[in-house]
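The values are calculated or read from the model by the stated rules, or taken from the named source; none is laboratory data. Computed from a predicted model, the values in this text were never measured in an experiment. Every residue, glycine among them, receives a Cβ derived from its backbone with ideal geometry; neighbour counts consider all protein chains shown. SASA here: full protein model, heavy atoms, side chains in, ligands and nucleic acids out. Shrake-Rupley method; radii C 1.70, N 1.55, O 1.52, S 1.80 Å.
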Amino acid sequence: MTPTKLQDRFGRVINYLRISVTDRCNLRCQYCMPLEGLTFHPKSEILTFEEIVETVQVANELGIDRARLTGGEPLVRKGLPELVRMLKRETDLKELSMTTNGLLLARQAEALAEAGLDRVNVSVDSLDPKRFREITRFGDLERVWEGIERAAEAGLTPIKINTLILRGFNDDELDRWVELTLEHELVVRFLELMPIGEGVRLKHLGGFCNLTERKEELIERYGLVPDRPERGNGPARYWRVPGAKGLIGFITPISDKYCDSCNRMRLTANGELRPCLAYDVHVKAGEAIKRGDRRAVKRAFLQAAEIKPEGHHWEVGQTTRTVMSSLGG
Ligand code: SAM
Ligand code: SF4
């Protein structure tokens, strides 16, 4: 059977699902989660692995064939390799990846690769251990690098590193990251801060850094040429220093908006379908998922596509209240 396409009111085809497997995390990155005061979804509302698989099967019928596991921190969810195995066996996903903070990756990389995970993105906001701890509040950079090495050995490649750049905090590290790609097969992606949740209140750690401007400077300094990674479904645009083993990516939601090519939908840990990061609009599919009502789940996907906004307005001062950790990034 040819799958129906999931299309929104603006003609964008949605073929990519970000699956948040938990809203909990073992870090408290300053731009993402407050130190205290967050309430988490009760355990009874969290989708089980079977329910996630069934939801992805419905998504498959609508043409969604790529997915990413995220969180909170996906690796704090017990037994995650088993979910990977189930998704690879029981759904028609052509590609399954994961975004992680890397703290628990060394221990699980091999099991994840064996279960069929295709690749990982690891968030690393600084090359300096002290700064890394400051921004993440509890992070241990050495453990994260160990995780990256184990993931590379396990074949979860190309490994992409997400590094959120803040003006006056870590924007002096851009050159070091570029130089790291000369000898390493890493894809280093620079991210602009989005005014979501804690991201709105970050002034004390430096603020928004315009990465379109910084890209121009790097092109000049290193002679970067456009390139593309083997695989990629997202908004990043890629460049390479001629002859370098790795790539540099720029994710610029504010300085170079890409909403018109958005192909994604988000499934939260408690079964909400969220069509856009910038707005609180969502469809509650949790109950339908939990009672196994596939037709209702399909309707929820169609409805979520129908209410997908045209784009954010962060560039003119819009902010988004929901914390990022419950959305999955
Ligand atoms: N815990 C995992 C991690 O840190 O990679 C996955 C979830 S995290 C919410 C996914 C991504 O969202 C991370 O790369 C993080 O840097 C990014 N993120 C969180 N808050 C953000 C914000 N306000 N603006 C831009 N990116 C943000
Ligand atoms: Fe946790 Fe990821 Fe948010 Fe950091 S960015 S607090 S690691 S969910």
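At 0.36 nm per residue, minus the direct Cα-Cα distance, what do Glu51 and Glu306 gain on full extension? Give it in nm, one decimal, please. Show your work: numbers first, answer last.
Values: separation 255, 0.36 × 255 = 91.80 nm, distance 2.32 nm.
Length difference between fully extended and current span is 89.5 nm.
Among the chymotrypsin sites (Phe, Trp or Tyr not before Pro) in the stretch 18-96, which ones are in a DSSP loop with at most 16 other Cβ atoms within 10 Å of the Cβ? Mind listing them? Walk me through the numbers before you get to the answer.
Working: sites: Tyr31, Phe40, Phe49; in loops: Tyr31, Phe40.
Filter output for the stretch 18-96: Phe40.
Once the Cβ-Cβ distance between Lys203 and Asp140 is put in as r, and R0 is 25 Å, what FRET efficiency do you end up with, to the nearest 0.05? Provide the component values of the computation, followed by the final result.
Working: r = 26 Å, r/R0 = 1.05.
It comes out at approximately 0.40.
Please give the net charge around Glu183, taking every other residue with its beta carbon less than 14 angstrom from that of Glu183, where Lys and Arg add +1 and Asp and Glu add -1. Write down the numbers at each step before the final one.
Values: positive: Arg176, Arg240, Lys245; negative: Glu179, Glu185.
With Lys, Arg at +1 and Asp, Glu at -1, the neighbours total +1.
Taking the 0 to 90 degree range and rounding to the nearest ten, how far is the long axis of helix 174-183 tilted relative to the main principal axis of the chain, both from C-alpha atoms?
Helix 174-183 and the main axis of the chain meet at about 80 degrees.
What full-extension length gain, to one decimal in nm, is calculated for Arg221 and Glu149 as 0.36 nm per residue of separation minus the Cα-Cα distance?
Fully extending the segment from Arg221 to Glu149 adds 23.0 nm.
Could you let me know the centre-to-centre spacing of the stretch 30-94 and the stretch 256-306, using Cα atoms, in angstrom?
With the stretch 30-94 and the stretch 256-306 each reduced to a Cα centre, they are spaced 13 Å.
Heavy-atom accessible area of Asp92 with all protein chains present, probe 1.4 Å, nearest 10 Å²?
Accessible surface of Asp92 is approximately 120 Å².
How much net charge surrounds Glu198 when only other residues with a Cβ under 13 Å from its Cβ are counted (Lys, Arg +1; Asp, Glu -1)? Don't skip to the answer; put the middle values down first.
Numbers: positive: Arg28, Arg137, Arg201, Lys203, Arg321; negative: Glu36.
For residues surrounding Glu198, the net value is +4.
Taking a point 7 angstrom from the Cα of Lys88 along the C-beta vector, which residues in the stretch 109-128 have backbone N less than 17 Å away?
Hits in the stretch 109-128 for Lys88 at 17 Å: 109-121.
Return the loop-located GluC sites (Glu not before Pro) in the stretch 1-54 (DSSP other than H, G, I, E, B) with at most 13 other Cβ atoms within 10 Å of their own Cβ; answer none if there are none.
On the way: sites: Glu36, Glu45, Glu50, Glu51, Glu54; in loops: Glu36.
For GluC sites (Glu not before Pro) across the stretch 1-54 that sit outside H, G, I, E and B with at most 13 neighbouring Cβ atoms in 10 Å, the list reads Glu36.
Give the cysteines in the chain for which no other Cys Cβ lies under 4.7 Å away, or write none if there are none.
Isolated Cys, the chain: Cys25, Cys209, Cys259, Cys262, Cys276.
For Glu61 and Glu95, what does the FRET efficiency come to when R0 = 25 Å and r is the distance between their Cβ atoms, rounded to the nearest 0.05? Intermediate values should be presented prior to the final figure.
Numbers: r = 17 Å, r/R0 = 0.70.
After rounding, the FRET efficiency stands at 0.90.
Rounded to the nearest angstrom and ordered from largest down, what semi-axes does the equivalent ellipsoid of the stretch 16-326 get from its C-alpha gyration tensor (root of 5λ)? Before the final figure, lay out the partial values.
Numbers: eigenvalues 178, 97, 76 Å².
So the equivalent ellipsoid measures 30, 22, 20 Å along its semi-axes.
Sorted by accessible area (1.4 Å probe), largest first, how do Phe10, Phe132 line up? Working shown, then result.
Numbers: Phe10 90, Phe132 5 Å².
If we order Phe10, Phe132 from most to least accessible, we get Phe10, Phe132.
Once the whole set of protein chains is in place, how much accessible area is left on Glu153, using a 1.4 Å probe, in Å² to the nearest 10?
Here the residue's solvent-accessible area equals roughly 130 Å².
Taking 0.36 nm per residue of sequence separation and subtracting the Cα-Cα distance, how much length would be gained by fully extending the chain between Lys43 and Asp280, in nm to one decimal?
Numbers: separation 237, 0.36 × 237 = 85.32 nm, distance 2.22 nm.
Result for the pair: 83.1 nm of gain on full extension.
Can you show me the helix-derived [θ] at 222 nm for the chain, built from DSSP H runs with n ≥ 4 at -39,500 (n - 2.57) apiece and divided by the number of residues, rounded to the nearest 500. Show your work: numbers first, answer last.
Values: 9 runs with 96 residues, N = 329.
Estimated from H runs of four or more residues: -8500 deg cm²/dmol.
With charges set only on the Cβ (+1 for Lys and Arg, -1 for Asp and Glu), what does the dipole of the chain come to about its Cα centre, in debye to the nearest 20? Each step should come with its number before you reach the end.
Values: 50 positive and 49 negative charges, 178 e Å.
Dipole of the chain, to the nearest 20 debye: 860 debye.
Can you put Asp23, Asp227 in order of accessible area, largest first, using a 1.4 Å probe? All intermediate terms of the calculation are to be shown ahead of the outcome.
Values: Asp23 10, Asp227 55 Å².
So, going from the largest accessible area down, we get Asp227, Asp23.
Loop-only trypsin sites (Lys or Arg not before Pro) in the stretch 1-78, please: DSSP not H, G, I, E or B, and at most 10 other Cβ atoms within 10 Å. All intermediate terms of the calculation are to be shown ahead of the outcome.
Details: sites: Lys5, Arg9, Arg12, Arg18, Arg24, Arg28, Lys43, Arg66, Arg68, Arg77, Lys78; in loops: Lys5, Arg9, Arg12, Arg24, Arg28, Arg77, Lys78.
Hits after loop and neighbour filter: Lys78.
Would you mind counting up the charge near Gly102? Only other residues with Cβ under 13 Å from its Cβ, with Lys and Arg at +1 and Asp and Glu at -1. Could the numbers behind the result be given before it?
Working: positive: Arg107, Arg143, Arg150, Lys160; negative: Glu73, Asp125, Asp140, Glu142, Glu146, Glu149.
Here the charged neighbours net out to -2.
Using a basic spin-label model with each label point 7 Å from the Cα along Cα→Cβ, how many nm lie between His184 and Gln7?
With each label placed 7 Å out from Cα toward Cβ, I get 4.3 nm.
Provide the per residue accessible area, probe 1.4 Å, for the chain, rounded to a whole number of square angstrom. Before the final figure, lay out each step's value.
On the way: 14760 Å² over 329 residues.
That works out to 45 Å² for each residue.
Using the structure shown, list the pairs from Lys160/Lys245; Lys160/Lys203; Lys203/Lys257; Lys215/Lys308; Lys5/Lys94; Lys284/Lys308 with a Cα-Cα distance above 25 Å, or answer none.
Lys160/Lys203; Lys215/Lys308
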